[in-house]
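Let me begin by presenting the structure, written as structure tokens, before commenting on it.
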Amino acid sequence: MAQALSQGAELLLRTVNGAGAAVRLFGQVTCVGETPEAAVVARLMHWLDAERPAETFHTDSLSAVLPEAAEWVEHASGILTISLSDRDRIVWFRPEVVRTVNWGGDPNHPVLPKGARIHPRRSFELWKQRVRRKSLPWTDEELRSAAALRGDLVDIFVRRAEQRSRARLEALNQELARSNAELDSFAYVASHDLKEPLRGIRNYTKFVLEDFGDSLPEEGQERLGTVVRLSDRMEELMDSLLHYSRVGRGHLAIQDCDLNLVVAGVLELLEPRIEEKGAEVAVEGPLPVIRCDVSRISEVFANLIGNAIKYNESDRPRVEIGYEGDAQRQEELVFYVRDNGIGIPERHHEGIFEFFRRLHTRDRFGGGTGAGLSIVKRIVERHGGRVWVESAPGEGSAFRFALPVVPASAAFPAAG
Ligand code: ADP
């Protein structure tokens, strides 16, 4: 480790022939070689952050731009700095070099005295000056090396940051999956175990009504009737919750599935409701064969088609079922269930997929628990797809769900 560090330091100094360097990474400053003391380095970094935040900056006379640097000339007459990010920066230092410069005349006395004639010997007399508070200049080659180093380091920084955020995302996903699974098992156990006492309440209330109803005043009978109704409703909600959590658990039974048969089966089940409403259902084009969990995807179609008929007040309810895309060429197929029903305001387009979310009072449109669309979403997402709605009040709704085209050998993710 110590050897690696000292090798790194040497390489750093050699990059631009600095006498010393200070590196600030993640807020921590490390100095190598000949540098000013720590407090001076900290002050200089602070000044650079404020005054020279750009990518690179160099000078062979720091005191010319920062007067207090006149005190630091021994180590920091000249500096070259590259910034790697808001917080990270490298500064190289060069000491003062007192040089003698030969001028072709006195640079401090450029104007000839009035009336004087130009005299070759006087004008071009060699003028010697000792230049102070300056370091050796930074050469183009050295500036290029520093810029190249900066490029390499920034690349590494960016890659590291990407790796870190990817790892963090994965960890978050795992955590989410775990907490979803925990929530599911909690919902499962809670709804399962609560059903028993609930059934007891309902049955005992019914017994009281049957056995002692006649001796109760009418108001008492009505209230007990309400207890029974509410218990039924609660059981319905618990069944939905139980079912919802079941949909999120366990493996999907993936197999080749002819969606023509799936939809035909669903329509058969819904036949009484279709007839009752006088609805017209059209399957557009033969549907494809896809790899999916047949019973789950049947449930998706059953929910969507059921809703298309249920939330429909037109004289002639119409439902169209079909898909877009080419299973041979595209990565996903988009299925739709379209209706000429009541439509959904845009502000509810996302909310309706949440659990127990209903837009109507309990008994309107034949009731429901508000679980259907959240179950649809869950099933579609477990297949690696997504679901959304396009709709406006009075203009019908088109529910669409995209499913990825899955090669025969591909496995689906296990539940949470
Ligand atoms: P439920 O039908 O049991 O209420 P869903 O989750 O299936 O629950 O639907 C949630 C809400 O979305 C419904 O209460 C209804 O207001 C609205 N909705 C669903 N499908 C349609 C549709 N095809 N047209 C209009 N509104 C719909």
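Enumerate by residue number the trypsin sites (Lys or Arg not before Pro) in the stretch 276-375 meeting two conditions: DSSP loop (anything except H, G, I, E, B), and at most 13 other Cβ atoms within 10 Å of the site's Cβ. Don't skip to the end; give the middle numbers.
Working: sites: Lys277, Arg291, Arg296, Lys310, Arg318, Arg329, Arg338, Arg347, Arg357, Arg358, Arg362, Arg364; in loops: Arg329, Arg357, Arg358, Arg362.
Sites meeting the loop and neighbour criteria: Arg329, Arg362.
Rounded, prolate or oblate: which one fits the stretch 246-303, using the alpha carbon gyration tensor with axes a ≥ b ≥ c (rounded when a/c is under 1.5, else prolate when a/b beats b/c, else oblate)? Each step should come with its number before you reach the end.
Details: a/c = 3.42, a/b = 1.56, b/c = 2.19.
It comes out oblate by the Cα gyration axes.
Is the stretch 29-83 rounded, prolate or oblate when judged by the Cα gyration tensor, a ≥ b ≥ c being the square roots of its eigenvalues, rounded requiring a/c under 1.5 and prolate requiring a/b larger than b/c?
Numbers: a/c = 1.43, a/b = 1.10, b/c = 1.30.
Note, shape of the stretch 29-83 comes out rounded.
Please report, largest first and rounded to whole Å, the three semi-axes of the ellipsoid equivalent to the stretch 162-300, where each semi-axis is the square root of five times an eigenvalue of the C-alpha gyration tensor.
Details: eigenvalues 337, 170, 27 Å².
Working through the eigenvalues yields semi-axes of 41, 29, 12 Å.
Taking the Cα of Glu276, stepping 7 Å toward and past its beta carbon, and measuring to each backbone N in the stretch 360-391: which are under 19 Å?
Of the residues in the stretch 360-391, 360-373 have backbone N under 19 Å from the label point off Glu276.
Project the alpha carbons of the stretch 270-327 onto their principal axes and report the range along each, largest first, in whole Å.
Its Cα atoms span 36, 22, 16 Å along the three principal axes.
Calculate the FRET efficiency for Asp258 and Glu331 from the Cβ-Cβ distance with a Förster distance of 22 Å, rounded to the nearest 0.05. Walk me through the numbers before you get to the answer.
Details: r = 21 Å, r/R0 = 0.95.
For Asp258 and Glu331, the calculated efficiency is 0.55.
In whole Å and largest first, what semi-axes does the C-alpha gyration tensor of the stretch 266-385 yield when each eigenvalue is scaled by 5 and square-rooted? Walk me through the intermediate numbers first.
Details: eigenvalues 114, 68, 36 Å².
Working from the Cα gyration tensor, I get semi-axes of 24, 18, 13 Å.
Between Glu210 and Arg164, how high is the FRET efficiency from 1/(1 + (r/R0)^6) when r is the Cβ-Cβ distance and R₀ = 51 Å? Nearest 0.05. Intermediate values should be presented prior to the final figure.
Numbers: r = 68 Å, r/R0 = 1.33.
Between Glu210 and Arg164 the formula returns 0.15.
Of all the stretches in the chain, which is the longest one without any exposed loop site, taking chymotrypsin sites (Phe, Trp or Tyr not before Pro) in a DSSP loop (any state but H, G, I, E, B) with at most 13 other Cβ atoms within 10 Å? Walk me through the intermediate numbers first.
Working: sites that count: Phe26, Phe124, Phe356.
With chymotrypsin sites (Phe, Trp or Tyr not before Pro) excluded where exposed in loops, the chain gives 125-355 as its longest stretch.
In Å³ and rounded to a whole number, note down the convex hull volume per residue for the Cα atoms of the chain. Spell out each step's value before the answer.
Values: hull volume 143.0 nm³, N = 416.
Cα-based convex hull of the chain, divided per residue, equals 344 Å³.
All of the numbers you see were taken from the coordinates with simple rules; none came from a lab. Nothing here was measured: the structure is a model prediction, and the numbers come from that model. Note that we place each Cβ from the backbone using ideal geometry, even for glycine, and neighbour counts take in every protein chain shown.
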